[in-house]
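Okay, structure first, notes after.
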Amino acid sequence: MSRFEFFTSEGLRIDGRRSGELKNFESSITTTSNFANFSRSTSTNTTYLQMGQNKVLVTINGPKEPTNRSKIDITKATLTTTINISKFSKVNRNTNKSNLPDKQTLEWEYEITQLFSKIVVLETYPKSTISINVTVLQQDGGLLSAIINCITTALINNSVQIYDIVTAVSVGIVDQKHFLLDLNHLEEQFLSSGTIATIGGSDEVCLMRIRDKFPLDLIEEFVQVGVQGCSVLKHIIINQVKDMNLNKLVEIQ
Amino acid sequence: MAKDLEISNIEKKFIFDLLASSQRLDGRKSLLEQRNLNIVITPNKFGDIYIEYKRLDGSIATRLHCKVTSEVVKPKAQRPFEGTFFINCEFNGLAGLNFENYKVGSNSDEFYYGRLIESMILRSNALDLEQLCIIAGLKVWNIRVDVHVLEFDGGFLELASIGCMTSLLHYRRPDVTVRNEKVTVHSFDEKEGVKLGVLHIPIALQFNLFQLKETAEIIKSNSSIENNELVALDCTLKEDLLKDGEFIIALNKNREIVQLNKPGGLPIAALKLIQFAHMALPIIEEITSKMLKAIEIDERQRNKYGHLLSAENDRYAG
């Protein structure tokens, strides 16, 4: 089926990476120009993540008082997620006329809300809402994992209490034996692939999603590769968050 | 799943205690035991199926109606050689007081499960869409499955996936002949119906997770050694509302994962996930054989007089 050679005998992939190599990962806090006016307001922080060619922006609004009184939960905060995938984010412009999100995006919203409502310590913010707004500027393969990683970074940057860092990677399989980590667009299109997210770099899986046919006997290795990738990513995220906040500190002083 | 249905703290504690001692509210003795599956195929119709879970005392817990309909439509511009397929899952006031009519929010479980079943059938090519093409680019069959919930006490996902696959396996579309670009659709009196091309039978199974400890403890502890959660199959509505996470797997009996979803919720150890995946296979094999048997029995009843009408000569060996 594959017109491309996804994994050469020398062990290289289409974009020159090795099988277990992650895409380049870079994140930064962008602060809006009127940062000084709202320095205490958390919503002015935007976190930008570039994971390979995925470019994701996340703003976190809250914890704040909900606009709708009926949404108040006395014991804990409520979490909402909206994902906006911009129409110019793909190579081919999305021809869908309506501005409503497609079904896939709605599914992701549901999954991400479910995921982070266990990770964020919601009990510390009773009677409030936290809304996560995701904007995708450019997409490559493994968009869901990029979104999850960006939200984690954003939650840390906005000092929302979380239990631990969630990291996600996508994993694909070539010829039923080689496992590729962190897929790009072409690989995602032609290979059976899935996304896996773990918490704190441990082997605790909090999100897993395979949407293609996948042999049952290979699931063990799939999970193993995914968990390893996640634990590597955790250290990268921690380092980047530390660097970012050092820069921020310098800026303020 | 259902909104506005509040469970009091006492009842919550009671259900948790029951689960911890591996008992269920409806009398089942094990967390991994499923309720009795019953498939009723409406006679004289194709692809019209009632599917139900029965409690131990024989009363109906959950009941779904699945019906397949087909019509001739124009194909999508991007895929001129393929028919179209659509699943409509509907919960309405009939299913229970807690469901509202005509309101399926995009963030609701119903939407998510419906979408899951649709992509389970479409993305794995369980239904061969190319067989549904009549004239490329002009006329194809549109297959539509309507799933209605008539009675609801948990277990929607499993029943809906079983129901959809059974009705697709059972359904026959009218035969067509094409002559000079003119399409004639024959009624069942003229020509016998044509079966849909079902290539394999994926069935979804939902593992429900209940946490035994505080979330902070679970995340901080090394859970591969300790036991932090209970796993139950086939939850009732009340158990469903109390669950802390789920793990959905759709398999076919060729040992292929068609869909695997763990949408957030309680984190669990990777090893346990793999264990569940392997645990699901024998259950799905059993369900598949049950489904095929129900269809076979129905087929035999339909063709009761088939041998009388047959023009085939008897052949004797030797």
The range B:253-308: trypsin sites (Lys or Arg not before Pro) in DSSP loop, at most 15 other beta carbons within 10 Å: B:255, B:304
Solvent-accessible area of residue A:131 with every protein chain in place, 1.4 Å probe, in Å² to the nearest 10: 20 Å²
Listed by chain and number, the aspartates and glutamates with an alpha carbon less than 20 angstrom from that of residue A:23, same-chain partners under 8 positions apart left out, are A:5, A:10, A:15, A:140, A:182, A:187, A:188, A:243
Relative contact order for the range A:123-180 using alpha-carbon pairs under 8 Å, separation at least 6, rounded to a whole percent? 28 percent
Where nothing but the Cβ of Lys and Arg (+1) and of Asp and Glu (-1) is charged, how large is the charge dipole of chain A around its Cα centre, in debye to the nearest 20? 960 debye
Scan the range A:128-232 for trypsin sites (Lys or Arg not before Pro) in coil per DSSP, keeping those whose Cβ has at most 13 other Cβ atoms within 10 Å, and list them by number. A:177
17 Å Cα-Cα reach of residue B:253 towards lysines, excluding residues that sit fewer than 8 places from it in its own chain: A:213, B:290, B:293
With a 1.4 Å probe, how much accessible area is buried between chains A and B, both sides summed, in Å² to the nearest hundred? 3700 Å²
At a 1.4 Å probe radius, carbon and sulfur cover how many percent of the accessible area of the range B:156-261? 46 percent
What is the distance, in nm, between label points placed 7 Å from the Cα along the Cα-to-Cβ direction at residue A:239 and at residue B:278? 3.7 nm
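Go ahead and estimate [θ] at 222 nm for chain A from helices alone: -39,500 (n - 2.57) per DSSP H run with n ≥ 4, summed, over the residue count, rounded to 500. Don't skip to the answer; put the middle values down first.
Values: 4 runs with 72 residues, N = 253.
Mean residue ellipticity, 222 nm, calculated: -9500 deg cm²/dmol.
Quick one: dipole size for chain B, taken about the Cα centre, charges +1 on Lys/Arg Cβ and -1 on Asp/Glu Cβ, in debye to the nearest 20. Let's see the in-between values first.
Working: 40 positive and 44 negative charges, 135 e Å.
It comes to approximately 640 debye.
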Please give the contour-minus-distance gain from residue B:23 to residue B:108: 0.36 nm per residue of separation, less the Cα-Cα distance, rounded to one decimal in nm. 27.7 nm
Cross-link partners among aspartates and glutamates for residue B:45, C-alpha distance below 18 Å, same-chain residues fewer than 8 apart left out? B:71, B:146, B:175, B:189, B:190, B:192, B:296, B:298, B:299
Cα-derived Rg to Rh of the range A:3-252, Kirkwood definition: 0.98
Dipole of the range A:3-252 [Lys/Arg +1, Asp/Glu -1 at C-beta], most positive-end residue of A:159, A:184, A:172: A:159
Over 24 Å between C-alpha atoms is what I'm after, so list which of A:55/A:103; B:29/B:262; B:67/B:238 land there. B:29/B:262; B:67/B:238
Interface residues of the range A:99-128, defined as losing at least 30 Å² of accessible area versus the chain alone with a 1.4 Å probe, are A:103, A:106, A:107, A:110, A:111, A:114, A:118
What's the longest uninterrupted piece of chain B once you rule out the GluC sites (Glu not before Pro) that are loop residues per DSSP with at most 11 other Cβ within 10 Å? B:7-180
What is the log10 of I(q)/I(0) for the protein assembly as shown, computed with the Debye formula using one identical point scatterer on each Cα and no solvent, at q = 0.06, 0.10 Å⁻¹? -0.34, -0.92
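How much accessible area per residue does the range A:3-252 have, counting only protein heavy atoms and a probe of 1.4 Å, in square angstrom? Walk me through the numbers before you get to the answer.
Numbers: 11460 Å² over 250 residues.
Value returned for the range A:3-252: 46 Å² of accessible area per residue.
To the nearest 500 deg cm²/dmol, what mean residue ellipticity at 222 nm is calculated for chain B from DSSP H runs of n ≥ 4 alone, each contributing -39,500 (n - 2.57), summed and divided by the residues?
Working: 7 runs with 91 residues, N = 318.
Result for chain B: -9000 deg cm²/dmol, rounded to the nearest 500.
Taking the Cα centre of the protein assembly as shown as origin and charging only Cβ (+1 Lys, Arg; -1 Asp, Glu), how large is the dipole, in debye to the nearest 20?
Numbers: 65 positive and 70 negative charges, 220 e Å.
The dipole of the protein assembly as shown has a size of about 1060 debye.
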Contour excess over end-to-end distance, with Cα ends at residue B:183 and residue B:138 and 0.36 nm allotted per residue: 15.1 nm
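Relative contact order for the range A:3-252: what percent, with Cα pairs under 8 Å and sequence separation of 6 or more?
Across the range A:3-252, relative contact order equals 19 percent.
Keeping the other protein chains in place, figure out the carbon and sulfur percent of the accessible area of chain A, with a 1.4 Å probe.
Numbers: 5890 of 11890 Å².
Here carbon and sulfur together make up 50 percent of the probe-accessible area.
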In degrees from 0 to 90, rounded to the nearest 10, what is the angle of the helix B:270-302 Cα long axis to the longest principal axis of chain B? 40 degrees
Residue farthest toward the positive end of the dipole of chain B, with Cβ of Lys/Arg at +1 and Asp/Glu at -1: which of B:288, B:194, B:122? B:194
Projecting the Cα atoms of A:122, A:53, A:20 onto the charge dipole of the range A:3-252, where Lys and Arg contribute +1 and Asp and Glu -1 at Cβ, the residue farthest towards the positive end is A:122
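The values are calculated or read from the model by the stated rules, or taken from the named source; none is laboratory data. If you're wondering where the values come from, they're calculated on a predicted model, not measured in any experiment. Glycine also receives a Cβ, built like all others from the backbone with ideal geometry; neighbour counts cover every protein chain displayed. Ligands, DNA and RNA are excluded from the accessible area calculation, which covers all protein heavy atoms including side chains. Shrake-Rupley method; radii C 1.70, N 1.55, O 1.52, S 1.80 Å.
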